[in-house]
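Heads up: the structure comes next, in structure tokens.
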Amino acid sequence: MEVITANTKKPLTVVGIVVLALFAAFPLFLGQYWLHTAIVGLFYVMMASSWNLLAGYTGQVSFAHAAFAGVGAYTSGILAAKAGLPPLLGLPIGIAVAAVLGLALGSLCIRMGGIYLSLTTLGFSEILRIIVTNEYEITRGTMGLKTPPLFGEYSKTVSFYVLLAAALLILWLIRRILNSDLGASFRAVQNDETAAASLGIPVVRVRILAFVIAGAMAGFAGSLYGHYLMLITPHILSLDLMFLVLAMTVIGGMGTFIGPIVGALFLETLSEYIRVYGEYHILIFGLVALAVARFAPQGLVGLWRQFRSAV
Amino acid sequence: MSLVVVDHVSKSFGGLQAVSDVSFHVNEGEILGLIGPNGAGKTTLFNLVAGAITPDRGRVRFNGLDITGLPPYRISRAGLARTFQVARPFLGMTCYENVLVALIGRAHPAPDSERPELIRELLDFVGLSGKESFLASSLNLIDKKRLELARALATRPRVALLDEALGGLSSIEMDQAMGLIRSIRDKRGVNFVWIEHVMGAIMTLCERLLVLNQGMLICEGTPADVARDARVIEAYLGAPDAGD
Ligand SMILES: Nc1ncnc2c1ncn2[C@@H]1O[C@H](COP(=O)(O)OP(=O)(O)OP(=O)(O)O)[C@@H](O)[C@H]1O
Ligand SMILES: [Mg+2]
């Protein structure tokens, strides 16, 4: 791969297509266990990439991203389990509810930056988790809520392709946003809000919009994930999951398009190998993420780029 | 016609009266100088006009529109641009992207097809030819100021507020910058209010000066008038009896 990508940009697209084709062929040669890992990996690709859009491109380091996934999952899950609504109809409702909550939280945080925003979103996330855990009648608390699959009979292979298509859709959308005027506004706001405002950028609107978009994407990912697992527990909106998403993004490369994808797939695969040593892996990932944030702010992608420009 | 009318504007920070009952106007086609000792309230006055802070009392009108209390982005879109005392380019973005943001921020964003040309033209104009793809963080001080000026011009302003455009520049760079400001006024019809500590420059470039001291407007007139004014001399040199 080094030889192909060393000189020009074009072979990178070729590499992308080859990787994608290989990935799409997974169900042909992967066992059920690793297929499950791949599906979970795709969920995390969506989570990390959409969180990166908010945190890596507008600088709003929210800790409520897992909470938005939980909102998506529980909304369509409850609608299906309690009201018999087909998940395919519950899915857009889950996205909408997550988007509205994104609007509310984004507006609440508009005068905040840095650690205050992080703490406020963290508080929001924990409140939501506590509510979901305690409203046993509706959510069945830690017992978990049983939900039907997205459509038809349960099938891992179908789920894999659904999640793959969803992840590609999310990545395509993020790419479009980053290359649009909105993407340039995101980066301007992250770099310097005062200067951006002095050039006519509506900073408040841009920041809230980022919350809404990222929230909706997390709601989408969470809803799909819930119907794949067919059992939704408060783990989906826990800080454990949040920190895993954060570690994936930071280790892969925050503020880069590829970083969160690489980070999510890499850490999800790695967790499968080190899970046997107990549930400490999130702690370890957190520590590694801290070191990466300090010494290689652009993560694995940044290191790779440095390596390439060095040779 | 007066493009900007500042009408009895005041602002205090806690107990400190930073700007106190200041009124002035900016005429079509002029470069208006704003001088005063450190801490006189010059930057605060800019912040009040550009909407970064809201006055306690008084109004600001621009182009016949009351802009008091409007958010900065609305004021920018109305045609009033500003630069900062310490340049604030988007450090993590290229020169090209820095100017692009200003084209996007316009009330009617520049069409996609015209952008590359517009950006290159603006960067050429301020003397940043060939640096489109340079990160703003890699520029030296004068180039950062140039970039900020290109960005402000990209908003297509009627009036631009320049906060110490020459601070930290060598005398050759100062001459270049002054020529640039004059040609922007002549070729692009942009009017300037210009804060500057470099007296020689401001005396040659401005037809009219305002002098601020301890938040108050103490003098207004031609550079020659201002240089003779007893209160101005006192403000800059201390009380007249201090030397006795
Ligand atoms: N946001 C603020 N909060 C509190 N005090 C402020 C604030 N901004 C300015 N000041 C104070 O107001 C006074 C005027 O400051 P200002 O920056 O307007 O002066 P200036 O004329 O621009 O000075 P300089 O020539 O040094 O740039 C100073 O005493 C300053 O400390
Ligand atoms: Mg100042």
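The values are calculated or read from the model by the stated rules, or taken from the named source; none is laboratory data. Fair warning: this is a prediction, and the values are worked out from it, not measured in the lab. Cβ atoms come from the backbone with ideal geometry, glycine included; neighbour counts cover every protein chain shown. Surface areas here come from the heavy atoms of the whole protein model, side chains and all, with no ligands, DNA or RNA. Shrake-Rupley method; radii C 1.70, N 1.55, O 1.52, S 1.80 Å.
What part of the accessible area of the stretch B:41-103, given as a whole %, is carbon or sulfur when the probe is 1.4 angstrom? Looking at the stretch B:41-103 in its full context, I get 49 percent from C and S. A 1.4 Å probe run over the protein chains yields, for the stretch B:87-156, 41 Å² of accessible area per residue, whole-number rounding. Name the residues of the stretch B:6-27 whose amide N is less than 18 Å from a point 7 angstrom out from the Cα of residue B:197 along the C-beta direction? Counting only backbone N, you get no residues.
Remark on the stretch B:93-113: accessible area falls by at least 50 square angstrom from chain-alone to full-complex state for B:93, B:101, B:104, probe 1.4 angstrom.
For the options B:16, B:65, B:209, a Gaussian network treatment of chain B with springs between C-alpha atoms closer than 10 Å singles out B:16 as fluctuating the most.
Inter-label distance, residue B:114 to residue A:283: 6.1 nm, where each label sits 7 Å from its Cα along the C-beta direction. In Å², rounded to the nearest 100, what is the total accessible surface buried by chains A and B against each other with a 1.4 Å probe? It comes to approximately 1700 Å² buried between A and B. Per-residue 3J(HN,Hα) values for the stretch B:189-196, derived from phi via the Karplus relation 6.51 cos²θ - 1.76 cosθ + 1.60 with θ = phi - 60°, read x, 8, 9, 10, 10, 10, 7, 8 Hz in sequence order (x marks Gly and Pro). The apolar share of the surface of chain A, taken as the fraction of accessible area on carbon and sulfur atoms (1.4 Å probe, ligands and nucleic acids excluded), comes to 70 percent. With chain A treated as a Gaussian network of Cα nodes joined by springs under 10 Å, which of A:84, A:252, A:200 yields the largest mean-square fluctuation? Its mean-square fluctuation being the largest, the pick is A:200.
Helix by helix through chain B, keep the DSSP H runs that span 24 Å or more along the axis on Cα and average at least -1.0 on Kyte-Doolittle, and give those back in order. Length and hydropathy pass: B:171-188. For chain A, the relative contact order comes to 30 percent (Cα pairs under 8 Å, sequence separation of at least 6). When the chymotrypsin sites (Phe, Trp or Tyr not before Pro) in the stretch A:186-295 are filtered for DSSP coil states and for at most 12 other beta-carbon atoms within 10 Å of their beta-carbon, the remaining sites are A:280. Approximating the spin labels as points 7 Å out from Cα along Cα→Cβ, the residue A:96-to-residue B:141 distance works out to 5.8 nm. Full extension of the chain segment joining residue A:156 with residue A:20 gains 47.1 nm, where the gain is 0.36 nm per residue of separation less the Cα-Cα distance. Report the residues of the stretch A:226-268 in range of a label on residue A:30: point 7 Å along Cα→C-beta, backbone N strictly under 13 Å from it. A:265-268, by backbone N distance to the label point. Pairwise inverse Cα distances across the protein assembly as shown, averaged and inverted, put the Kirkwood hydrodynamic radius at 26.4 Å. Indicate the gyration tensor shape class of the stretch A:1-138 (rounded, prolate or oblate), computed on the Cα atoms with a ≥ b ≥ c the square roots of the eigenvalues: a/c under 1.5 is rounded; otherwise a/b larger than b/c is prolate and the rest oblate. Since a/c reaches 1.5 but b/c is at least a/b, the shape of the stretch A:1-138 is classed as oblate.
Could you check what % of the DSSP bridge pairs in chain B are antiparallel, to the nearest 5? Percent antiparallel among DSSP bridges in chain B is about 55. Across B:105, B:189, B:14, mean-square fluctuation computed from a Gaussian network of chain B (C-alpha pairs under 10 Å connected) peaks at B:14. Find me the longest stretch of chain A that has none of the exposed trypsin sites (Lys or Arg not before Pro), where exposed means in a DSSP loop (not H, G, I, E or B) with at most 12 other Cβ atoms within 10 Å. Longest site-free region, per DSSP loop and neighbour criteria: A:112-311.
Using the Cβ-Cβ distance between residue B:171 and residue B:12 with R0 set to 41 Å, the FRET efficiency from 1/(1 + (r/R0)^6) comes to roughly 0.60. Here each label is just a point 7 Å from Cα along the line to Cβ, and for residue B:61 and residue B:2 those points are 0.8 nm apart. The mean of 1/r over all distinct Cα pairs in chain A, once inverted, gives the Kirkwood hydrodynamic radius of 19.9 Å.
Mind listing the long-range amide H neighbours of residue B:194? Cut-off is under 5 Å, sequence gap 5 or more, other chains count too, H placed in the peptide plane at 1.01 Å from N. When sequence neighbours closer than 5 places are left aside, the close amide H contacts are B:32, B:33, B:34, B:162.
Measuring heavy-atom accessible area with a 1.4 angstrom probe and counting protein chains only, the residues of the stretch A:167-200 that give up at least 30 Å² relative to the chain alone are A:181, A:184, A:187, A:188, A:191, A:192, A:194, A:195, A:197, A:198, A:199, A:200. Were the residues from residue B:180 through residue B:225 laid out at 0.36 nm apart, the gain over their Cα-Cα distance would be 13.6 nm.
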